[in-house]
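Asker: Supplied in C-alpha cells, the structure appears directly below.
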Amino acid sequence: MSKFCIQFLMFCIIVLTIGCSSSKEIVLQTIEPSPVHISQKIKRIGIVNRSILPQADEDETGLNGMVAAEELWLSEQGRNAALTGLFNELLKDNRFETIKILDSIPHEILHFEMGNDSISWASVENICNIYNVDAIFSMAFFDTETKVSIKKTSMMQPNLMRVKVKVPAQELTLETLIENGWKIYYPKSKEIIDEIVFNDQVISKGKGTNPIEAYKAIEGRKETLVEQSKATGSNYGQRLLPFENSVERSYYVRGTTNFEQAYTLVENGDWQGAAQLWEKELDNSNSKIAGRACYNMAVMHEINGDLTSAIDWATKSYKDHENKDALEYLDILKYRSFQNQILEQQVSR
C-alpha cells in the first residue's frame, strides 16, 4: 500500500472517530469566588508604599542617559499610579468602610532594608494603631527595566525642496518590563493574607536619522507606561472580587434515538426538552445507557444551578451503573459546591 493511501486511511479513521464520538462539549459560565479571602472583621484598609526608589546613575550619557532618566521618572509616577489604581478599585468594594493611602508614614516605621520587601509585624501593628485601620495593603516593590535595541532601516523625509525621499534611518525599540509586587497584612492573626507579583511589558518603537532622533520620535510612551502601572493596581483590587469563568462540560449524544434527538434539542437551547428524553432512558435495561442518562441529568441540573441534584445524579450514574466518567465529574461538582459556599460568604458581605 502506498504511503499516500496509508495517510488517507488514517485521516478517514480520525474523521470517523471524531464524527462518531459518543459525547459533545458545551461551555458553561460560572461565578468563582475571589482568590483572596478577606475576613469579615476587616473593614478599614490602609494602603502603604513599601517599595524603594532606585538611585539615578549619573554616569549615563546620551541615549542611555535619557532612558535612565525616564525610568527614574516612571519609578515615581508609576508607583503613584499603581497606588491610585488600587485605591480606586477598593472604593468600589462595599465590604470596606474606610480606604486610606498612608503616604506620610516615617521610613523608620516601615524598616526599609535592602533585599527585604516585608514589613515587620511590630511595624504593621504600629501602623494599624496609629492610623486606625484593620489591615495593610502594601506595595512591596515596583521595578522597571528597559532593554534598548537598534537596527538599521529607512524612512521618508522631506529634502530641501520639501519633497519626501527615502533616507537611511535607525529604528529604536524600547522593551520595558514593569514588575509590581503586593502583600496584604492582617495583624490580628499575624497573617499575610495574599502576596502576588504582576509582570507587564510595554514595547515602544521610533524611527530617526540617529538614535536620539528615533527616541524623540516615540509618541505617548510615558502616558502608556503610567496607564499600565495604574492597571496593575486596579487588577490587584479586582483580585479581591468574585469573577466569571468559562468551563467545559461533556454530555452523551449517542446510545439510543432519544440521545440523538436530545442532542438536537440541546443545540437549539432546549435543555428541558432534552431532559424529558433522557428520563425515558433512566430505566433502560442496558446499564451503560441508563448511566449515560443519569450523567446527562447531572449536567442539566448543574447548568440550572442546582448542584445538589447534579451531585445526586452523578453519584447514581457512578454507583448504580459504574460510569467512570461520572466519578471524575462528581469530584468536579463537589469542588464547585465547596467553592459556592465560599462565594456565598463573600457575596453576603
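Asker: Rounded if a/c is under 1.5, else prolate if a/b is larger than b/c, else oblate: which is region 226-349, with a ≥ b ≥ c the root eigenvalues of its Cα gyration tensor?
Answerer: prolate
Asker: Quick one: which residues, 5+ away or cross-chain, put their amide H under 5 Å from the amide H of Ala169? H built at 1.01 Å from N.
Answerer: For Ala169, whose amide H was placed from the backbone, the distant partners under 5 Å are Thr153, Ser154, Met155.
Asker: Could you tell me how many degrees, from 0 to 90 and to the nearest 10, lie between the Cα long axis of helix 62-91 and the main elongation axis, the longest principal axis, of the Cα atoms of the chain?
Answerer: 50
Asker: I would also like to ask the following. Roughly how many Å is it from the Cα centre of region 188-204 to that of region 248-268, as a whole number?
Answerer: If you average the Cα positions of each part, the centres end up 45 Å apart.
Asker: Calculate, for region 233-311, the solvent-accessible area per residue in square angstrom, rolling a 1.4 angstrom probe over the heavy atoms of the protein chains.
Answerer: On a per-residue basis, 47 Å².
Asker: At 1.4 Å probe size, with no ligands or nucleic acids counted, give the accessible surface of Thr257 in Å², nearest ten.
Answerer: 90
Asker: Could you let me know the centre-to-centre spacing of region 104-169 and region 71-99, using Cα atoms, in angstrom?
Answerer: Computed from Cα coordinates, the inter-centre distance equals 14 Å.
Asker: Using the Karplus equation 6.51 cos²θ - 1.76 cosθ + 1.60 (θ = phi - 60°), what ³J(HN,Hα) coupling, rounded to whole Hz, does each residue of region 201-217 give in order, writing x for Gly and Pro?
Answerer: Per-residue couplings from phi come out as 10, 10, 10, 10, 10, x, 10, x, 6, 8, x, 5, 5, 5, 5, 5, 7 Hz.
Asker: Give me the percent of the accessible area of the chain that comes from carbon and sulfur atoms, probe 1.4 Å, all protein chains in place.
Answerer: Heavy-atom surface of the chain belonging to carbon and sulfur, 1.4 Å probe: 50 percent.
Asker: Work out, step by step, the length gained on full extension between Asn245 and Asp270: first 0.36 nm times the residue separation, then minus their alpha carbon distance; give nm to one decimal.
Answerer: 6.7 nm
Asker: Treating the beta-carbon of each Lys and Arg as +1 and of each Asp and Glu as -1, no other charges, what is the dipole magnitude of region 247-347 about its Cα centre, to the nearest 20 debye?
Answerer: That gives a dipole near 200 debye.
Asker: On to the next question. Quick query: amide H of Ile47 versus all other amide H atoms, modeled in the peptide plane; which residues come in under 5 Å with a sequence gap of 5 or more or a different chain?
Answerer: Residues meeting the amide H criterion: Lys100, Ile101, Leu102, Phe137.
Asker: Below 8 Å between Cα atoms, with a sequence gap of 6+, how large is the relative contact order for region 281-349 in percent?
Answerer: 25
Asker: Mind listing the phi-derived Karplus ³J(HN,Hα) values for region 220-237, rounded to whole Hz, using 6.51, -1.76 and 1.60 with θ = phi - 60°, and x for any glycine or proline?
Answerer: x, 5, 4, 4, 5, 5, 5, 5, 5, 5, 4, 5, 5, x, 4, 4, 5, x
Asker: A further question follows. Note the listed values [x] 40, 24, 19; [y] 54, 37, 16; [z] 47, 23, 18, then indicate which one is semi-axes √(5λ) of the Cα gyration tensor in Å calculated from this particular structure.
Answerer: The listed entry that was calculated here is [y].
Asker: With an 8 Å Cα cut-off and a minimum separation of 6 or more residues, compute the relative contact order for the chain in percent.
Answerer: 20
Asker: Going 7 Å from the Cα of Thr153 toward and past its Cβ, which residues in region 197-234 have a backbone nitrogen under 18 Å from where you end up?
Answerer: Only 202-222 fall inside the zone, counting backbone N under 18 Å.
Asker: Still on this structure, I have one more. At a 1.4 Å probe radius, which order do Lys280, Lys316, Lys151 fall into by accessible area, largest first?
Answerer: Heavy-atom accessible area, descending, gives Lys280, Lys151, Lys316.
The values are calculated or read from the model by the stated rules, or taken from the named source; none is laboratory data. Just so you know, these numbers come straight off a predicted model, no measurement behind them. With ideal geometry, Cβ positions are generated from the backbone for all residues, glycine too; neighbour counts draw on all protein chains shown. Ligands, DNA and RNA are stripped out before the accessible areas are found, and what is left, the full protein with its side chains, is counted by its heavy atoms. Shrake-Rupley method; radii C 1.70, N 1.55, O 1.52, S 1.80 Å.
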